[in-house]
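Heads up: the structure comes next, in C-alpha cells.
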Amino acid sequence: MFRLTFRPRLIDALRGYNRDRLIKDVAAGLTVAVVALPLAMAFAIASGLKPEAGIFTAIVAGFLISALGGSRLQIGGPAGAFIVIVYGIVQQYGLPNLVIATVLSGVLLFAMGVFRLGTLIRFIPVAVIIGFTNGIAVLIALSQIKEFLGLEIDKMPGHFVGIVQTLAAHLNGFNPWAVVIAVCSLIVIVGWQRWSQRMAFIGSPLLAGEVLAKVPGSIVALALTTTVVAVFDLPVATIGARFGGIPASLPSFAWPALDWDSARHMLMPAITLALLGAIESLLCARVADGMIGDRHDPNQELMAQGIANVASPLLGGMPATGTLARTVTNVKSGATSPVSGMVHALVLVAVILVAAPLAGSIPLPTLAAILMFVAWNMGEWREFARLRSYRMPYRITLISVFLLTVIFDLTIAVQFGIFAACITFIYRISSLSRAERLLPGNDARLTGHGANIHVWRMYGALFFGAVKLLERMQDQLPGKTLVLDVKNVIYIDATGADELGHLLAACRKQGVRLIVAGLTSQPLDITRRTGLLQKLGDDSLPNLYVAIDAALAADPVQPAQPVAAAPGV
C-alpha cells in the first residue's frame, strides 16, 4: 500500500544539538553566504534576469532546501546548469512564462519524490551526464564573452550559431578596460587559494593560510575590482548602470500573468528543468555524502527541491537545485547540520537589507570572469582525453550529447543520450544472452539420440532483444523431444514468454515434446502469469537431469548411427 513519507533530515540532525554545533553551523553559513552572493548575481544576470533574482533564489530556495531536504549539508540555490535553459525561456516566452515553467518543474520534482523516483536518476548513464555537463559549461563560457570583452550588444541570441555570429560581428568594438578588469579578476580568482596558503608563514592569525583559504577568490576579486572601478571611474558596465542596483527589500509574492497560448508550451521546458534539477541535486548530495560519510534520502530531497521551485519564482526568484561549490564549501567549513544552509539564507537577507546599495558598483566583467571560472570547474574536460580507453558506444554517446547540447538544445541532447544508452544496453545484454547445445560428449546418456533429442542450455536474459535464440531452435527441431534448460536465465520479459509460447506451438504442430527445466524466480513467475506454465503441464521439470531422463524415456529405441550434432546457437 502506498504511503507518503515526508521527513526532512533536519529533524534527525537536531537530535543532540548543542551550542558547539550551533557555532560551527553559523560560521559555515556565513562562509557559504560569502561564496553564494557573487555567484547568485552572476547566474541571474547570465540567465537574462536582474541580479536580485539570483539572490532571492538563494534566500528562498536555499532556506527551504536545507530545512526540508533529505541531505544533511547540501546547499541549494541558483546553478550554472540552468543558465542556458532559463535564458532561452526568457528570450522566447518572456518572464511570466519562466515563472510558470519553474512552478511546473517544482510540481514535477515533488511528484517524483512522492512516487519514490529518486533512485531512478542514478540510472542515467555517466556518458550522458558528462556530455551535457561539459556542453553547458561551454555555453556558459560562450555567453560571458560579451561582458568579458565589454561588447555593446543589445540582445544576445539564445542559440549557439546566433551567439557565435553576433559575437563575431561585434568583436571590433571590444572595451579594453573591460578586458583588463575581467583578466585581472580571473588572475585573482585562480591564484588566490594558492597564494593564501603561502601566506601562512607570516604568523599573524589574520593572515594564516587556513583563514585566508576560507575566503573565496571571487569575493576578493569582486572587492578589488569594484573599488578600482569606483575610485578611478573606469568606463565599464556595472550592476547599477545596467540594472539600477539591487533593491534593499525582501522579495514580495507575485502571481504570474497566465496566458494559455504561451503557457501550454511550457511543459517541455518544465520537464527539462525538473530533470536537470533532479540530476544536479542528487549528484551533489552524493558528493556531500562521500565527504562526510553519510547517506541522503533522494526522495525527500526531490520533494524539498519541488517545494523550493514552486516558492522561488513566486517570490521573485528563478529555478534552483543543489549547488556543488557551495555544498563543498559548507562541508569544508565544518557544518554539522542543515542549520548552516538556513543561516546562509538569513545572512543573504541581512546583506540585502544593509549592503544592497554597494552592489551597484560591481563591474559586470568581474561577474563574467567568475562565471568563466565556474564553467571551467564545472566541466570534466579530462574525460575527452580518456575517451580512447572506452568502447565506441560510450564515445559516440558522450560526444553526441556534448555537441547536441552546445549546438542545438539540452532537451534534445538528453533524449538522444538516453536513447543511445538504451540501444547500447539492449545490444550488450542481447549479446551476453546465449544458448548452448548439450552434445553427447557432455552427457554420455545422449549418445545415439542426436536426431531425436536436442538439449539446449540458455544463459542471460530472454527478452525482446534475444528471442532470435528461440527462433533458431524452432528452425531445427529434433525428431521427438526438445529439452530447454533455463536454470541460468535470470529474466524473461513478455516478448520472451510469448516466443516460448510460439516454440511450444511449433513443437506440438510437428509432434515434438517440449520440456522446460529449471524455471525459478522471475522466469517461473512470468510463465505462470502468462499461462505458459499451465500449457507446459507435466513438461515443466525441476532440473536438467530429471528432464533428460524424461526425454530418454520417451525415446527408448537406439538408432544405428548417431546423427551429427547441429552447430551451437
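Worth a mention:
- Within the shell of other residues whose beta carbon sits under 12 angstrom from the beta carbon of ARG395, the net charge comes to +2, with Lys and Arg scored +1 and Asp and Glu -1.
- Taking Cβ atoms as reference points and 14 Å as the exclusive limit, the residues near PHE243 contribute a net charge of 0, counting Lys and Arg as +1 and Asp and Glu as -1.
- Sulfur and carbon atoms: percent of accessible area, region 411-468 [1.4 Å]: 69
- For the chain, the per residue solvent-accessible surface stands at 46 Å², with DNA, RNA and ligands left out and a 1.4 Å probe.
- The convex hull defined by the C-alpha atoms of the chain has an orientation-averaged projected area of 35.0 nm².
- With every protein chain in place, region 60-178: carbon and sulfur % of accessible area (1.4 Å): 69
- Where a label projected 7 Å from the Cα of PHE232 along Cα→Cβ would reach, residues of region 155-190 with amide N under 16 Å: 175-188
- Span from the region 408-487 Cα centroid across to the region 304-353 one, whole angstrom: 52
- Once both labels are positioned 7 Å from their Cα atoms along Cα-to-Cβ, the gap between ARG472 and ALA494 label points is 2.7 nm.
- Amide hydrogen proximity for LEU541: with H placed 1.01 Å from N in the peptide plane, the residues at 5 or more positions away or on another chain lying under 5 Å are VAL516, ALA517, GLY518.
- Only one residue of LEU108, LEU267, ILE65 has its Cα farthest out toward the positive end of the dipole of the chain, where Lys and Arg carry +1 and Asp and Glu -1 on Cβ, and that residue is ILE65.
- Using only side-chain charges placed at the Cβ, +1 for Lys and Arg and -1 for Asp and Glu, the dipole size of the chain relative to its Cα centre rounds to 900 debye.
- Over the chain, dividing the summed -39,500 (n - 2.57) contributions of all DSSP H runs of at least 4 residues by the number of residues returns a 222 nm mean residue ellipticity of -19000 deg cm²/dmol.
- Rounded to the nearest 10 square angstrom, HIS159 shows an accessible area of 100 square angstrom against a 1.4 Å probe.
- Euclidean distance of C-alpha centroids, region 76-114 and region 3-21, integer Å: 29
- Where CYS284, CYS422 fall by accessible area, highest first, once all protein chains stay in place (1.4 Å): CYS422, CYS284
- Heavy-atom accessible area, probed at 1.4 angstrom with all protein chains present, ranks TRP192, TRP260, TRP177 as TRP260, TRP177, TRP192, highest first.
- Going by accessible surface with a 1.4 Å probe and the largest first, TYR390, TYR427 read TYR427, TYR390.
- Point-charge dipole on Cβ atoms (K/R +1, D/E -1) for region 1-144, about Cα centre, debye to 20: 540
- Taking 0.36 nm per residue of separation and subtracting the current Cα-Cα distance, fully stretching the chain between TRP260 and VAL164 would add 31.2 nm.
- Exposed trypsin sites (Lys or Arg not before Pro) absent - longest run of the chain, DSSP non-H/G/I/E/B, at most 16 other C-beta within 10 Å: 392-569
- Counted charge near ALA335, where neighbours are those whose Cβ lies closer than 10 Å (Asp, Glu -1; Lys, Arg +1): +3
The values are calculated or read from the model by the stated rules, or taken from the named source; none is laboratory data. Note that the structure is a prediction, hence the values are computed from the model and not measured. When we count neighbours, we look across all protein chains shown, and the Cβ atoms used for this are built from the backbone with ideal geometry, even at glycine. Please note that ligands, DNA and RNA were not included when accessible areas were found on the heavy atoms of the full protein model with its side chains. Shrake-Rupley method; radii C 1.70, N 1.55, O 1.52, S 1.80 Å.
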